[in-house]
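Visitor: Okay, here's the structure, questions in a sec.
The values are calculated or read from the model by the stated rules, or taken from the named source; none is laboratory data. Keep in mind it's a predicted model, so treat the numbers as computed, not measured. Neighbour counts run over all protein chains shown; Cβ positions are idealised from the backbone, glycine included.
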Amino acid sequence: MANPVQFISQVRAEIGKITWPTRREVITTTIMVFIMATLASIFFFLVDLAIKSGLSGILHLVG
């Protein structure tokens with residue numbers, strides 16, 4: 001087990017190596033996530049609608 005003081009020193013050294021994103025980068029990536037989530041939801045809605053229509057058509061022909 002390492003010395004607690006040495007461990008805290010190493011943790012601080014590692015935290016100092018982190019490159020934090022700028023405010024602009026955070027805003028840009030957040031907007032991109034919202035856009036991609038919206039596009040994905042529209043895509044899956046359309047796929048679901050197509051499958052529903054196809055199955056409804058098949059069941060209508062059978063029944």
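Visitor: Among the residues of the range 2-10, are any in a helix (DSSP H, G or I), out of contact with any strand residue (DSSP E or B) (no Cβ under 8 Å at 6 or more places or on another chain) and at pLDDT 95 or above?
Guide: no
Visitor: Confirm whether THR19 is surrounded by 10 or more Cβ atoms within 10 Å (Cβ to Cβ), out of contact with any His (no Cβ under 9 Å at 6 or more places or on another chain) and among the hydroxyl-bearing types (Ser, Thr, Tyr).
Guide: Working: surrounded by 10 or more Cβ atoms within 10 Å (Cβ to Cβ): no; out of contact with any His (no Cβ under 9 Å at 6 or more places or on another chain): yes; among the hydroxyl-bearing types (Ser, Thr, Tyr): yes.
No.
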